[in-house]
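What follows is a short report on a single structure.
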Amino acid sequence: MKMGTALIYDEEMTKYKLLWVDPVCKIEVPERLIVSYEALVKSGLADRCVSIPVREATDAEILLAHSEEYLEAVKKTPFMHLEELMTFTQKYGDVYFHPNIYHCAKLAVGATLQLVDNVMTGKVRNGMALVRPPGHHSQSSAANGFCVFNNVAIAAQYAKKHHKAKRVLIVDWDVHHGQGVQYCFEDDPSVLYFSWHRYEHQSFWPNLKESDFDSVGSGKGAGFNVNVPWNKVGMGNSDYLAVFFHVLLPVAYEFSPDLVFICAGFDSAIGDPEGHMSATPDIFAHLTHLLMNLADGKVCAVLEVSARSSSLAHANVSSSSRTLLLFPALESIHSARSIHKKYWSCLQHAGMSSQHPLFHFTPTSFRDRLYMSI
Ligand SMILES: [Zn+2]
């Protein structure tokens, strides 16, 4: 059984901030990353994880999801004066630049790739990258929504190129639609992108028609883009679980990914002033658990946006990490599975018993169970 959960974080990624007045961008502060990391330290979870250093992504890696023209433009930002940065920022939407953001953005991508390398080579079972700036709104030639480079989109391409991943699942549980990820893989059947998001009939940011349920991908990629737009706020734990059981998991099991990414945005939890959802922090533990039964447990959670208050960040991030670490249920699950193996064929399947202590259904038996519950 592959052991260990990676945690990738570097304080350097807190070292940029908004340098002028902008009511939209003022919420994107370094503290959002700091509180997430501190939550893991205080709960003792950070100590239980395998700490892996960050690195800067190379140009070639960034170009896996971005245009050369855009990369060259961002490269100039460390040398810009305040006025030039403001002008540059105005080309894009809901984002800001700072002389150190290019460096941080390269670290955010590099941290995500370090996570992929360690998970795909079996050095760790799974892991979480706490990164900033986030990535899921950024597009081939545009920064957007506080995102500079698309960390997860680059990492999915990287996993296909360098680790021969044939099918990659991206689960975006952030409250905003990660349109940048959708655009990147729209016609690509090897990457299944799933996103739920606050939508309210296009009145919620990013206000795009293509965030609606009928954007399913195009060409060969038709069916590999799954949007679940929320047209009401206040969605709770049972709504999140219902979407997982009735939409995402049946499709994900049929897709049978080699690797799973979570675009882990915690603005979809209760208490977030933008999300206005009602799901409690422990739901993220359940959702993480359900995803760990895919891809032989190879799950890479990459932070998009954390909660603003330290108490919520503590609850949300810790909830997911604790699940990735597979405690405290590990021993009990293993014991119950072992004793019942001779009575139930679903418990005899090799996958989980040899490599993973959690229950494992074959795609067929899992689907049967889902249909029985509908
Ligand atoms: Zn968000």
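The values are calculated or read from the model by the stated rules, or taken from the named source; none is laboratory data. Source: prediction; values computed, not measured. Glycine also receives a Cβ, built like all others from the backbone with ideal geometry; neighbour counts cover every protein chain displayed. For accessibility, only protein heavy atoms count, side chains too; no ligands or nucleic acids. Shrake-Rupley method; radii C 1.70, N 1.55, O 1.52, S 1.80 Å.
Using +1 on the beta carbon of Lys and Arg, -1 on that of Asp and Glu, and nothing else charged, what's the dipole of region 5-327 about the Cα centre, debye to 20?
Working: 26 positive and 36 negative charges, 149 e Å.
With only Lys, Arg, Asp and Glu charged at Cβ, the dipole is about 720 debye.
Starting from the Cα-Cα distance between GLU254 and ASN100, subtract it from 0.36 nm times their residue separation and give me the gain in nm to one decimal. Mind dumping the intermediate values first?
Working: separation 154, 0.36 × 154 = 55.44 nm, distance 4.28 nm.
That works out to 51.2 nm of additional length.
Report ³J(HN,Hα) in whole Hz for each residue of region 236-250, in order, from the Karplus equation J = 6.51 cos²θ - 1.76 cosθ + 1.60 where θ = phi - 60°; Gly and Pro get x.
x, 4, 5, 5, 5, 5, 4, 5, 4, 6, 9, 10, 5, 5, x
Please calculate how many Å² of accessible area the chain carries per residue, with a 1.4 Å probe and no DNA, RNA or ligand atoms counted. Each step should come with its number before you reach the end.
Details: 15050 Å² over 374 residues.
On a per-residue basis, the chain sits at 40 Å².
Here are some pairs, LYS26/LYS209; LYS76/LYS106; LYS123/LYS160; LYS15/LYS298; LYS17/LYS209; which of them have Cα atoms lying more than 23 Å apart in this structure?
From LYS26/LYS209; LYS76/LYS106; LYS123/LYS160; LYS15/LYS298; LYS17/LYS209, over 23 Å: LYS26/LYS209; LYS15/LYS298; LYS17/LYS209.
Charges on Cβ only, +1 for Lys and Arg, -1 for Asp and Glu, centred on the Cα centroid of the chain; of PRO257, SER218, VAL148, which one is farthest towards the dipole's positive end?
In the chain, that residue is PRO257.
From largest accessible area down, sort SER215, SER332; use a 1.4 Å probe on the protein chains.
SER332, SER215
Tell me the mean residue ellipticity at 222 nm calculated for the chain from its helices only (DSSP H runs of n ≥ 4, each -39500 (n - 2.57), averaged over every residue, nearest 500). Display every interim value, and only then the final one.
Details: 15 runs with 141 residues, N = 374.
Taking each H run of at least 4 residues, the total per residue is -11000 deg cm²/dmol.
Does region 5-327 come out rounded, prolate or oblate by the C-alpha gyration tensor, with a ≥ b ≥ c the root eigenvalues, rounded set by a/c under 1.5 and, if not, prolate when a/b is larger than b/c and oblate if not? Kindly include the intermediate steps, with their values, before the conclusion.
Numbers: a/c = 1.22, a/b = 1.18, b/c = 1.03.
It comes out rounded by the Cα gyration axes.
Quick check on packing: order 204-211, 155-162, 112-119 by the mean number of other C-beta atoms within 10 Å, highest mean leading. Show your work: numbers first, answer last.
Numbers: 204-211: 15.9, 155-162: 21.8, 112-119: 24.4.
In decreasing order of mean packing, 204-211, 155-162, 112-119 become 112-119, 155-162, 204-211.
Looking at region 1-89, which chymotrypsin sites (Phe, Trp or Tyr not before Pro) are DSSP coil and have at most 14 other C-beta atoms within 10 Å of their C-beta? Kindly include the intermediate steps, with their values, before the conclusion.
Working: sites: TYR9, TYR16, TRP20, TYR37, TYR70, PHE79, PHE88; in loops: TYR9, TYR16, TRP20.
Counting only loop positions with at most 14 other Cβ atoms within 10 Å, the chymotrypsin sites (Phe, Trp or Tyr not before Pro) in region 1-89 are TRP20.
Can you return the aspartates and glutamates within cross-link range of LYS220? Criterion is Cα-Cα under 13 Å, with same-chain partners fewer than 8 residues away left out.
GLU186, ASP187, ASP188
Can you list the DSSP H helices in the chain whose Cα atoms extend at least 24 Å along the helix axis and whose mean Kyte-Doolittle hydropathy is 0.0 or higher? All intermediate terms of the calculation are to be shown ahead of the outcome.
Working: long enough: 101-120 (28 Å, 0.91).
Answer set is 101-120.
Relative contact order for the chain using alpha-carbon pairs under 8 Å, separation at least 6, rounded to a whole percent? Provide the component values of the computation, followed by the final result.
Values: 773 pairs, mean separation 65.8, N = 374.
Contact order relative to length: 18 percent.
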